[in-house]
Amino acid sequence: MTTLPPLPMTHPKLTSLARQKLPCFPSTIPRSQLIKEKDDIDHYLEVNFKGLSKEEVAAYRNSYKKNICVDMLRDGYHKSFTELFALMEKWDALQEAARVRSLFWLQRPLEEQPDKLGHFYHHLTRAEAAERKEYFEDVYNNLYALACYFSNSEDKWVRNHFYERCFKIAQRIKIDGGKKEAEAHAHMGLLFEEEGQLLEAAEHYEAFHQLTQGRIWKDETGRFLNLLACESLLRTYRLLSDKMLENKEYKQAIRILIKASEIAKEGSDKKMEGEASYYLGLAHLAAEEYETALTVLNTYSKISIDLEDDLSLGRAYEAIAKVLQSQGNMPEAIKYLKKVVEIARNNFQSLDVMRASTMLGDIYNEKGYYSKASEYFQQAFDTTAELRNMRHVDETKVHYGIAKAHQIMLTINNYIESEDLTSLDYLLSWKENRSSIAPHPIIGKTLLFESTSFCVILDGCIGDFYFIGNFNYSLPHEYRMCLHAVLYVPLMIRKAGNSGND
Amino acid sequence: MDIICPLAVPKGRRLCCEVCEAPAERVCTACTVTYYCGVVHQRADWDSIHEKICQLLIPLRTTMPFYNSEEERQHGLQQLRQRQKHLIEFCYTVAQKYLFEGKHEAAVPAALHSLRFRMNLHGLSSVELVPAYLLLAEASLGLGQIVQAEEYLSQAQWTVLKSTECSYAIQSLLHRNLGLLHIAKENYEEARYHLANDIYFASCAFGTEDIRTSGGYFHLANIFYGLKKLDVADTLYTKVSEIWSKYLNNRYQVLSEARIQQIDLLGKRFETDTGLDEAQEAEAIQILTSVWNIRESTSDTAPQKTIFVLNTLVMLYYLMMHSSKAQEYAERAFGLAKEHHLSVHEQSTIQELLSLISAEETHPVT
């Protein structure tokens, strides 16, 4: 049996110190010496045993928020502290407001999001250090980084705060010729645009545009700032003018849009210029200034031709057709609309095809060319049927139905008016099979009538039954359309009947 | 001032010195309830606080009169408690004022009184004791007795640690004093940590821009100034003077609005005041004067900052109704502004202040 060697006993200095001094000595040692010895031991412990330091204890005991604040302050970053503190207070106020309105507040408090607090600490202290040395660019960069970090939707207000700070700082940066200032203006514009304060947004974008004029600055993604400015400015102007058009302030809207198109011209981007003139044209149309609208829209179409942009050409022609239609110049309007249909078909833009065909159908319908009208409505209907968009299908269906009703109304009228047996036979047989009706000898035209759904309408109308139930109209618009058709058709038929009976 | 013989005191009754708790040999003849070990302590106590509270102590230290009913007894107890509370507050404020005036020696007896009454009222381990400990610590620091101060502060810190609910204001005060202690021990790392805590707690209690937070900033600035980190110190000093300037200007606005609203029919002079208690006024003077002294040394490079502090001082003295001092500082500021050819705007603000003060002087207090 082997005995294990005895464990090497370690006598650290602490034990020897303690042995030497602590227990066995008589109480002759004065109190002061005891205190000193205790201090020695404490010191030894502190140096040789890596326990928790005071900071570590504090980090454990206190919240992360407090530690961050204290860390900032002990290095003298009091501005960062004030800012962070104010933000956290604002957060609490927001939460309180949400609670009062009994909204469910999804966001966790800032104190519970150490990564965010860490970011705050990192960038704010750097920004403050740079501010002390008056390196405003560094300040800007740090604040901007924070703004970017908080760009998700729930922290928007933090981002906005830092955009405002950036804006203030950027005005003091003079070295770069105003690039930062321009960027700050862009951010402020965005901020106001998001809040719906379009006038302020436009102001900032104007400043942005002015500062970037003639410069070749690019942003991080490599786009020219000037172009960006033009784009944002145009967008804001357009939104502004939309609002004005809604309020029927046509003159102001047109003035703003003219400004927009001038800026677009300066921006030397053809596409933008075209867009601007398109909206200007629409505004003129709304203001019923047809001639100017036409000239402006013609420029747009020219630009689109230059750019070989079929889509915008289609839009241009459509707008022109609308203007012509409002002017009452139907043949021209029809010409343009046909072009639109052609272009849209070539580009497989079914929606455009549908819209243009419906417009064409409307025009023909108004003029009394029912067969043509129904032909175009059929086109529209076919296109939408391909799209399988129930809303459009229903809409065109009703249009088609009305046109068809118009179309056969004349024949039926004539049969009723002629008041002879053969005519009655024809009418009865039509009522029997509902597929087609023989041409009236006087008119001598062949009219075919398919038994599609609108046949039901017509049937219902003649029998004074309103068969709306056959259609599954969920949308109010279609419902109105349908009702319109249903009420409209029997009126005519009855009129026809009355005149026949007389 | 009567001499008493400790041996002649009835058995079981021990008379202690009010200041050092040694066996007493003298008694105050005015109240006959306060005892001292010797003339020195008696004089110290008299000068510090006893003169002001001598008569107030009598009901507290004599036995309660005999009450006939429970109701009366309760009422008497209630009254006693009220008196004690009043004395606590009174002694505390007096001690604080002494401290800000730099009379540390005088502050000790007052603070001790405050502490003793607190112990009576709240018990030994209550958070209420902390302010008194802090005062004592501050006084000891001022007297250079660092060990003593540390003892008091440790006591206070331990009390705060043990208590679960301790107001932010008290924690802030505790950390401020710990910071001062470490400054005295020249342990600047620790001092900065504690002062940072102080500012944090004060901000939680009063907001970041409150005058009660400014003290922390001021001491922190002093540390950085001592460490020759002048740019940091500079921003901190600016912060401190901004806080005070903002407060005083607001105060002035409020007062002048009130003055406009109530038109004095009797032609009574409208009193101005700072809205601060004495201790805070003393603190304001101390802080602003030392900031001004520091600014003075750099006034060649940044005269605006000096003038800003001077303007704040002028406003302070004006509100405290020290016209002569206000005048003096205002003239100094004016001279400085002229010397450095500052903008018309700044000169005109000082002019305004000057005319305000002289208007005050032409209608002296009757």
Residue pairs qualifying under the 7 Å Cβ cut-off, at least six apart or on distinct chains, with the first in segment A:64-89 being more than 7 Å from chain B (Cβ to nearest Cβ) and in contact (Cβ under 8 Å) with a residue 24 or more places away in the chain and the second being buried (at least 20 other Cβ atoms within 10 Å of the Cβ) and not in a helix (DSSP H, G or I), are none
Check B:I49 against each of (1) touching a residue at least 60 places away in the same chain (Cβ under 8 Å); (2) not in a helix (DSSP H, G or I) and name the one condition it does not meet.
(2)
Do we find a residue being modelled with pLDDT of 70 or more, in contact with a Leu (Cβ under 7 Å, 6 or more places away or on another chain) and not in a loop (DSSP other than H, G, I, E, B) anywhere in segment A:228-236?
yes
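Per-residue answers, yes or no, for (1) in contact with a Lys or Arg (Cβ under 7 Å, 6 or more places away or on another chain); (2) in contact (Cβ under 8 Å) with a residue 12 or more places away in the chain; (3) buried (at least 17 other Cβ atoms within 10 Å of the Cβ):
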position: A:L234; (1), (2), (3): no, yes, yes
position: A:E273; (1), (2), (3): yes, yes, yes
position: A:L311; (1), (2), (3): no, yes, no
position: A:Y317; (1), (2), (3): yes, yes, yes
position: A:Q327; (1), (2), (3): no, yes, no
Out of segment A:164-180, which residues are at pLDDT 75 or above and crowded, with 22+ Cβ neighbours inside 10 Å?
A:C166, A:I169, A:A170
Condition first: under 19 Å from the mean Cα position of the chain (by Cα), within 9 Å of chain A (Cβ to nearest Cβ) and not charged (D, E, K, R). Can you find one or more residues in segment B:220-232 that meet it?
yes
Scan segment B:81-124 for residues that are closer than 20 Å to B:L153 by Cβ and acidic (D, E) and jot them down.
B:E105
Matching entry among A:E366, A:E386 (being among the acidic types (D, E), at pLDDT below 75, part of a helix (DSSP H, G or I) and under 22 Å from A:L311 (Cβ atoms))
A:E386
Of everything in segment B:176-190 that's closer than 18 Å to B:Q145 by Cβ and surrounded by fewer than 16 Cβ atoms within 10 Å (Cβ to Cβ), which residue is farthest from the other protein chains (Cβ to nearest Cβ)?
B:E186
Residue pairs, Cβ under 9 Å, 6 or more apart or interchain, first in segment B:74-92 and surrounded by 18 or more Cβ atoms within 10 Å (Cβ to Cβ), second among the β-branched types (V, I, T). List them.
B:L87/B:I53; B:F90/B:I49; B:F90/B:I53; B:C91/B:I49; B:C91/B:I53
Tell me yes or no: at least one residue of segment B:129-142 is more than 14 Å from chain A (Cβ to nearest Cβ) and on the phi > 0 side of the Ramachandran plot.
no
Taking B:A156 as meeting all but one of (1) within 13 Å of chain A (Cβ to nearest Cβ); (2) in contact with a Phe, Trp or Tyr (Cβ under 7 Å, 6 or more places away or on another chain), write down the number of the exception.
(1)
If we ask which residues in segment B:233-257 are at the interface with chain A (Cβ under 9 Å from one of its Cβ atoms) and either within 20 Å of the chain's Cα centre (by Cα) or surrounded by 22 or more Cβ atoms within 10 Å (Cβ to Cβ) (or both), their number turns out to be 1
Return the pairs, sorted by first residue and then second, in which the second residue is outside any helix (DSSP H, G or I), the first residue lies in segment B:217-238 and is among the polar types (S, T, N, Q), the beta carbons are less than 9 Å apart, and the residues are 6+ apart or on different chains.
B:T235/A:G76
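The values are calculated or read from the model by the stated rules, or taken from the named source; none is laboratory data. Just so we're clear, the structure is a prediction, and the values are computed from it rather than from any experiment. No Cβ is skipped: glycine too gets one built from the backbone with ideal geometry, and neighbour counts run over all protein chains shown.
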